[in-house]
Every structure is written in structure tokens, then in C-alpha cells.
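Encoded as C-alpha cells, the structure appears first; notes follow it.
Please treat every number below as a calculation from the coordinates, not as lab data. On a predicted model such as this, the values are computed, not experimentally measured, just so you know. As a convention, Cβ positions derive from the backbone with ideal geometry for all residues, glycine included, and neighbour counts pool all protein chains shown.
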Amino acid sequence: MDLLKEIGNAKSVAIAGHIRPDGDCISSTLAVRAYLKNARPDMKVTVFTESNPPTIFSYLEGYDEMNLTYSPKEKYDLFIALDVSSLDRLGESMYFFENADKTICVDHHETNPGFADVNEIRPEACSTCEVLFDTFEKEHMNIAVAECLFSGIVHDSGVFQYSNMSRHSFNIVGELVEYGFDGPKIISETFYEKTYVQNQIMGRALLESILFMDGKCIVSMVDRKMMEFYNVLPKHLDGIVNQLKNTRGVEVAIFMYELGTQRYKVSMRSGGKVNVATVAIMFGGGGHERAAGVEMNGTYYDVINALSREIEKQMQ
Ligand code: 5GP
Ligand code: MN
């Protein structure tokens with residue numbers, strides 16, 4: 001996709017990612033903002049996101065200027081959805097999507113149905129930031145844009161670890177580091193570093209995890225009482241599912257936290273034998289082959305039983 005051509009003469013653009021934004025989401029929205037500041041300096045560019053976005057990304061240009069209130073409710077010429085796998089994940093920015101003259105979606109989720117007027121969805125890309133890099137013209141790139149794209153790739157690839165890193169992804173990382181930002185600092189401070197209470201709650205989740213299916217599956221859960229006790233929010237639980245997945249012999253890791261009474265947010269990670277995106281889709285969620293999520297109703301054991309039935313079918 002030729003992004004600037006699709007943007008055409010639009011004078012205002014609303015940019016948004018998905019609810020409960022992660023690294024690729026925040027980074028891709030701020031990357032497009034920084035890029036358009038260069039390529040289209042006269043354009044009105046607004047990035048919308050939920051209140052309390054992860055503060056670990058506050059070093060990115062434009063972080064402090066994001067609109068966290070979704071107001072005023074104005075009409076924009078253009079709406080760009082980034083890293084949003086389906087319309088229900090737009091949250092409150094739906095208003096701006098519905099009222100824009102034209103909508104664009106850039107994403108890398110294989111489950112994305114292509115809900116915008118113009119869609120650039122590349123499931124083989126490691127991140128939305130990778131897809132964006134290929135749509136950006138070099139002359140409008142700068143260190144701020146590069147720092148955003150690098151951060152998104154780092155987070156969606158688990159620091160270049162997952163199989164979604166292709167030769168092309170590594171080449172992009174190579175080009176990005178030439179811009180001269182502090183890559184190692186971004187990796188250690190935004191990906192690996194946790195607060196003391198985050199480590200404590202991760203410790204609890206690991207301690208209380210259960211291995212099943214002959215050690216091929218692991219599951220753990222954090223309930224609302226525990227989150228209140230440690231005074232943590234959902235965004236502070238990032239990384240727990242990956243740590244569960246690091247258990248030797250485990251093919252599928254399931255981590256969930258309580259959203260409300262008999263309602264859970266589920267995260268799944270797979271080593272490759274099981275496509276967790278297809279499992280998530282069955283219950284209304286989505287994601288990627290090796291990383292997917294869904295919200296489910298029922299008791300903790302209802303949710304485990306429902307998921308493990310589908311996982312077991314694929315394991316055979
Ligand atoms: P995570 O487990 O880190 O929240 O998400 C892993 C992947 O699954 C991400 O690509 C994310 O976009 C997707 N995902 C997580 N939760 C949901 C959900 O409730 N619905 C859909 N459609 N995708 C989700
Ligand atoms: Mn992503």
C-alpha cells in the first residue's frame with residue numbers, strides 16, 4: 001500500500017489502536033503520527049488511546065499528546081486503525097471510525113477480516129510496525145519514527161525471539177538501528193524490566209500454575225482479589241504468559257485474569273503444534289498462530305475445560 005497516496009488530500013486524521021494497548025499498538029500509532037508530522041506538516045493528526053496507556057512507552061515522541069478522553073467528538077477526513085484485529089477491539093474510537101470519510105487499516109493479524117475501506121494486512125509480518133515500515137517513504141523517516149517502529153517490533157517479537165521474525169524483519173531492524181536511538185535501553189527498560197510488585201505477582205502466578213495434558217499444557221490465573229492486593233492493573237500482567245510458556249516440555253501456555261464475576265481475559269501462547277488463533281476464534285477472540293487471546297465467561301474451570309478440549313484435538 002502507498003500510505004501517502006491513500007491519505008491523499010485529507011486534512012485531518014484520527015489514529016487509533018486496540019483496547020488494552022500493547023507495545024506494537026502504542027508504537028504503531030505514534031509511528032504514524034511522527035511520520036505524518038514530517039510528511040504532511042499541515043495535517044491535523046490525533047492519536048486516540050484508552051486512559052492510562054503503559055507508561056513504559058513515555059519516551060516515544062507524541063506519547064504525552066495522545067487523546068485519552070475521545071473528545072471532542074469531531075469528524076475526521078480519515079481514520080487509520082493500527083494493530084486492530086477486529087472492529088470490536090476499537091473500543092471508544094469506534095465513533096471516529098464510523099464518522100470518517102475514509103478508513104484505512106494496517107495490521108498483521110491473520111484473523112483480521114479487513115473491516116476498513118482500504119486494508120493492508122500482512123499476517124507474515126512480525127508486527128504492525130513491520131508492515132508500516134514498508135509503507136513509509138524513507139525521506140520522511142527520522143529517529144522518532146524509527147524508535148517507534150523498533151519498539152513495536154521488539155515487543156511483538158519478544159525481542160526478536162519468536163518465529164514471526166523473518167529475514168525481512170531482521171533487515172528492517174538493521175535499517176532502524178542506523179537512526180541512532182538507544183536500542184538496548186529500550187529492550188531492557190520496556191521489555192525485561194518489571195516493578196517489584198509485578199515480579200511478585202508473576203511469582204504467584206508461576207507458583208500456582210498447573211501442568212496438565214502430560215506436561216504439554218500449563219495454566220495459571222490471577223483473580224481480582226490478588227490484583228487488588230498487589231495493586232496492579234491488567235497491563236502490569238504482561239509477560240506472565242510468556243514466562244509460563246518457557247516451561248520445558250510445554251506446548252501451550254494459558255494465562256487468564258479475572259475481568260469480572262465469571263468473566264476472564266485469556267492469553268494463549270503456543271510452541272507451534274497448536275494454532276491458538278483458531279482456538280481463540282472459536283470463543284470469539286483472535287490473534288496469531290502462536291499468540292492469541294479471548295474474553296470468556298464461566299468459572300475458571302469452565303474456561304480451562306473449554307479451551308483444553310480444543311487444544312487437545314489439535315495436539316493429536
Ligand atoms: P495477548 O495475549 O498478548 O493479549 O494477545 C496476543 C494476541 O492475541 C495479540 O495479537 C492480540 O491482538 C490478540 N488478542 C488478544 N486478546 C484478544 C481478543 O480478546 N480478541 C481478539 N480478536 N484478539 C485478541
Ligand atoms: Mn501487533
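Laid out as a table, the results:
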item: Fraction of antiparallel bridges per DSSP, segment 135-273 only, in percent to nearest 5; result: 65
item: FRET efficiency, 1/(1 + (r/R0)^6) with R0 25 Å, evaluated for LYS44 and LEU4 via beta carbons; result: 0.95
item: Relative contact order computed over segment 3-192 (Cα-Cα under 8 Å; 6+ residues apart), in percent; result: 22
item: Set of aspartates and glutamates near LYS75 by C-alpha distance (under 17 Å), chain-local residues within fewer than 8 positions excluded; result: GLU92, GLU98, ASP101, ASP117
item: About the Cα centre, charge dipole magnitude for the chain (Lys/Arg +1, Asp/Glu -1 at Cβ), debye; result: 720
item: Simple label model, 7 Å out from Cα along Cβ direction - ARG167 to ASP302, nm; result: 5.0
item: Nearest-ten-degree value, helix 23-39 long axis tilted from longest Cα axis of the chain; result: 0
item: Cut-off under 5 Å, modelled amide H: who pairs with ASN119 long-range; result: CYS105
item: Cα gyration tensor category, rounded, prolate or oblate, for segment 3-192 with a/c compared to 1.5; result: rounded
item: GNM result for the chain, Cα springs below 10 Å: residue of SER188, SER127, SER28 fluctuating most strongly; result: SER188
item: Segment 231-316 shape via C-alpha gyration tensor axes, a/c threshold 1.5; result: oblate
